[in-house]
1. Restricting to the stretch 63-114, name every residue that is farther than 30 Å from ILE273 by Cβ and not in a helix (DSSP H, G or I).
2. So for the stretch 128-141 (the condition being in contact (Cβ under 8 Å) with a residue 40 or more places away in the chain, part of a loop (DSSP other than H, G, I, E, B) and within 21 Å of the chain's Cα centre (by Cα)), does at least one residue qualify?
3. Can you list the helices (runs of 4 or more DSSP H) found entirely within the stretch 278-388 that contain at least 2 residues being of a type in the set (Ser, Thr, Tyr), within 18 Å of the chain's Cα centre (by Cα) and modelled with pLDDT of 95 or more?
4. Residues in the stretch 60-77 that are touching a Leu at 6+ places or on another chain (Cβ under 6 Å) and near the ligand (Cβ under 10 Å from one of its atoms): how many?
5. Within the stretch 15-41, track down each residue that is within 11 Å of the ligand (Cβ to nearest atom) and surrounded by fewer than 23 Cβ atoms within 10 Å (Cβ to Cβ).
6. Scan the stretch 182-202 and give yes if some residue there is surrounded by 19 or more Cβ atoms within 10 Å (Cβ to Cβ), of a type outside the set (Lys, Arg), more than 16 Å from the ligand (Cβ to nearest atom) and modelled with pLDDT of 95 or more, otherwise no.
7. So in the stretch 41-77, with the set limited to residues that are among the basic types (Lys, Arg) and touching a residue at least 60 places away in the same chain (Cβ under 8 Å), which one is nearest to ASP90 (Cα to Cα)?
8. Among (1) away from the ligand (no atom under 14 Å from the Cβ); (2) in contact (Cβ under 8 Å) with a residue 60 or more places away in the chain; (3) within 23 Å of GLY197 (Cα to Cα); (4) not acidic (Asp, Glu), where does ILE80 come up short?
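The values are calculated or read from the model by the stated rules, or taken from the named source; none is laboratory data. Here the structure is a predicted model, which is why all the values come from computation and not from measurement. When we count neighbours, we look across all protein chains shown, and the Cβ atoms used for this are built from the backbone with ideal geometry, even at glycine.
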Amino acid sequence: MSNKTLIIGAGGVGNVVAFKCAMNRDTFGEITLASRTESKCDLIAKNIDEKVGVKINTAMVDADIIDEVVELIKKTKANIVINVALPYQDLTIMEACIATGVDYLDTANYEHPDTAKFEYKEQWAKDEEFKKAGIMGLLGSGFDPGVTNVFIAYAQKHYFDTIKTIDILDCNAGDHGYPFATNFNPEINIREVNSKGRYWEKGEWIETKPMEFKMLWDYPEVGEKDSYLLYHEEEESIVKNIKGLERIRFWMTFGQSYLTHLKVLENVGLTRIDLVEVDGCEIVPLHLLKALLPDPATLGERTEGKTNIGIVVHGLKDNKEKTIYIYQVKDHQDCYKEVLSQGVSYTTGVPAMIGAKLILENHWRDLGVHNMEEFDPDPFMQELNTQGLPWSVMELDNPMALKRD
Ligand code: NDP
C-alpha cells in the first residue's frame, strides 16, 4: 500500500518533519504539509524540491476547527496525521483523527491557551475513542518528551532490573547572536520556563519556585553548564509507566543573559497571558512579545554550537547498584546544512518522523493513545543512529545529588 502523510504546522519543527519525511519517501508516500499560513508551507515545499528533489503538496488549514481538519484528511486520504502545530491544537486534531479513522502523532501535550498547565489528562481520556475508531495515537514523539522516554525504556530493557532514579538533562549550547530569542515557539517556551518547577519523589510531586534548584553538569562535547530544575511533561507518563521508580527530575540549561532578559520581561508584565486593554484593543502581552521576537524558524543559519540531551539513570542490575548516562549531541550548523534548520527544531522533528515511520511500518502498533516508553525502544534507537541523531551510553560512578543554588 502506498502511504499518504499529512503534516500540520509549518514552523521550525514542521520544516524538519517535512524534509525528513521527503527523505524517507518510500515510507511516507504522498506528503501534504498544511498550516494556518499556506505561504510558509509553500516556501518549505520549494526548499525540499530544491534540496531533496521531492515534490510535496501544501494546504491551508485552521486546526482549531475540527471540520476543517476532517475535510483535509478526507481530501488528502492521509493514513497518518503528524501534528507539529501548537499544543493548543492537540485535541481538535485528535478529534478529527477519530472522526476519520486515521493514526495520530504529536510532540507536545495539550495546553489550554488561557492556563499554562501541561498534563496528559485530556489526551489520555481519548484512549477508548481511539480504540473504538481502530487507530493509535502516539503522544510526545519529539526529543523531550520523545527520545528521552525511549532512552528510559532502553535503559530499562538492557541495563536495569529496577530503575530507582532518573534525571533528564537538556542542554542547548547554541548561540544565535541575538540578545534574546527562543529556539522554539516563544509563547510555548516562555510559558514553560515561567511555570513553577516540580519533581517526583517517593510517590509525591514536590513543587519548587521557578529556577529554585540549580546544578553544574558537565555535558559531553559541550562542557560545564548551569542546569535548572523545571517540570517537564514526560515526567507524568514515566512515573506511571516505570515500575519501582523512586524519583524523576528534569534539568535544562539557561545562559545568564536569557535569564536576565526573561526576568525583566516578566517584571514589566510582558509574559502575562491574560487580556490587557491598549488604546481600545485587547491584547495578550505574551502574544505581543512573540510578534516582536525573532521567529525560531529563521535562527538556523546564524546558530552555532551544539545541543546535548540525555538521561542519567540509577538502579539495580543483578542486585548491584549502577548508573548510566545515555545522551545525544547535535551540531546546529550540521542541521542547517542538511535541512535549513537549527538544532532544537531538528532534534524535535527527526523523532517525530521516526515515530510516524515506525507506526506506518507497523513496528509500533497498538490501538488507543500511548506514550513512547510503552513500545520496544530498539527499532527507534536504531533509526536515531541512521536518521541524524546518533547517541552514546557511558557508565558513571555515582548517581546525581540534588544541590540548591
Ligand atoms: P512554531 O511556532 O515555529 O510553528 C507552529 C506552526 O503551527 C506554525 O506554522 C503555525 O502557523 C502553526 N499553527 C498555529 N496555530 C495553528 C492552527 N490553528 N492551525 C494550523 N496551524 C497552526 O513552533 P515550533 O515549530 O517551534 O514547535 C512546534 C511544536 O513542537 C510545538 O507544539 C512545540 O511545543 C513542540 N516542540 C516539542 C519539543 C519536544 O522535544 N518534544 C521541542 C520543541 C518544540 P502560523 O505560521 O500561521 O503561526
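1. Correct list: LYS77, ALA78, ASN79, ILE80, GLY101, VAL102, ASP103.
2. Step one: filter the stretch 128-141 for residues in contact (Cβ under 8 Å) with a residue 40 or more places away in the chain, giving 128, 130-131, 134-141.
Within this subset, residues satisfying the condition of being part of a loop (DSSP other than H, G, I, E, B) are 134-135, 140-141.
Within this subset, residues satisfying the condition of being within 21 Å of the chain's Cα centre (by Cα) are 140-141.
Yes: the stretch 128-141 contains one or more residues that are in contact (Cβ under 8 Å) with a residue 40 or more places away in the chain, part of a loop (DSSP other than H, G, I, E, B) and within 21 Å of the chain's Cα centre (by Cα).
3. On the way: elements: 285-292, 332-339, 343-360, 377-386.
The helices (runs of 4 or more DSSP H) meeting that bar are 343-360.
4. Qualifying residue count for the region: 1.
5. ARG36, THR37, GLU38, SER39, LYS40
6. Within the stretch 182-202, one or more residues are surrounded by 19 or more Cβ atoms within 10 Å (Cβ to Cβ), of a type outside the set (Lys, Arg), more than 16 Å from the ligand (Cβ to nearest atom) and modelled with pLDDT of 95 or more.
7. The initial filter retains those residues of the stretch 41-77 that are among the basic types (Lys, Arg), namely 46, 51, 55, 74-75, 77.
Retained after the next criterion (residues that are touching a residue at least 60 places away in the same chain (Cβ under 8 Å)): 51, 77.
Values: LYS51: 31, LYS77: 20 Å.
The residue in question is LYS77.
8. Evaluating ILE80 over (1) away from the ligand (no atom under 14 Å from the Cβ); (2) in contact (Cβ under 8 Å) with a residue 60 or more places away in the chain; (3) within 23 Å of GLY197 (Cα to Cα); (4) not acidic (Asp, Glu) leaves (3) as the failure.
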